[in-house]
Amino acid sequence: MPGAVWAQDEARVVGLWKLVSYEVEARADGTKLPAMGERPTGYVIFTPEKRVFFILTGEGRKPAESDAQRAALLQTLVSYTGRYRLDGDKWTTSVDVAWDPKWIGTEQTRSFTLEGDRLQVLTPWRVMPNWADRGETRSIVTFERAKE
């Protein structure tokens, strides 16, 4: 029976999901913050061919006019792709393209829950390149199935 449930979740996760919220929790003190602002934007798409594409951007991004501004835009971007595999309530992406080259060749594992048209994702505790100054954090990312 569990295999049938996993196959059902796999079929349900395929498709386009729109970002609703992106919170980051600091392990040291439990504080949560909207690391990408109150209204971040982005999408994740899971293809039937078992490839996932993430692009998440922070609220209020403005076009850059200098190298320093272009570099600063990286602090409000998370983007990667790779082949994924599901295992119960977790999926693992073998990253082959990423906004941060350190992620290329890594495996990124995420826990998730599916409730209706809502997908909630929880990362493991880690030091994220975008907010390394906060130490170990985990992301709590919520998506809704896109209607577009």
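Counting only C-alpha contacts under 8 Å and six or more residues apart, can you give the relative contact order of region 1-125 as a whole percent?
Relative contact order, region 1-125: 17 percent.
In terms of modelled amide H atoms, which long-range or inter-chain residues lie less than 5 Å from the amide H of residue 137?
The answer is 27, 126, 127, 128.
Using the heavy atoms of the protein chains alone and a 1.4 angstrom probe, what is the accessible area of region 29-76 per residue in square angstrom?
Solvent-accessible surface per residue comes out at 64 Å².
Please report, as a whole percent, how much of the solvent-accessible surface of the chain comes from carbon and sulfur atoms (probe radius 1.4 Å).
That fraction is 54 percent.
I'd like the Karplus ³J(HN,Hα) series for region 96-106: coefficients 6.51, -1.76, 1.60, θ = phi - 60°, whole numbers in Hz, and an x wherever there's a Gly or Pro.
So the J values, rounded to whole Hz, are 10, 9, 7, 5, 10, x, 4, 7, 5, x, 9.
So what J values fall out for region 113-120 if you push phi through Karplus, 6.51 cos²θ - 1.76 cosθ + 1.60 with θ = phi - 60°, rounded to Hz, Gly and Pro as x?
Going residue by residue, I get 10, 10, 9, x, 9, 10, 10, 10 Hz, with x marking Gly and Pro.
Of 53, 22, 137, which is farthest along the charge dipole of the chain in the positive direction, counting Lys and Arg as +1 and Asp and Glu as -1 at C-beta?
53
Between residue 27 and residue 73, with labels modelled 7 Å along Cα→Cβ, what's the label distance in nm to one decimal, could you check?
Placing both labels 7 Å along Cα→Cβ, they lie 3.2 nm apart.
Can you give me the Cα centroid spacing of region 24-87 and region 95-146 in angstrom?
8
Suppose we keep just the alpha-carbon trace of the chain; what are its Rg and Dmax in angstrom?
According to the Cα coordinates of the chain, Rg and Dmax are 15.6, 56 Å.
The values are calculated or read from the model by the stated rules, or taken from the named source; none is laboratory data. These numbers were taken from a predicted model, which means no experiment stands behind them. With ideal geometry, Cβ positions are generated from the backbone for all residues, glycine too; neighbour counts draw on all protein chains shown. Remember, those area values only see protein heavy atoms, side chains included, never the ligands or the DNA or RNA. Shrake-Rupley method; radii C 1.70, N 1.55, O 1.52, S 1.80 Å.
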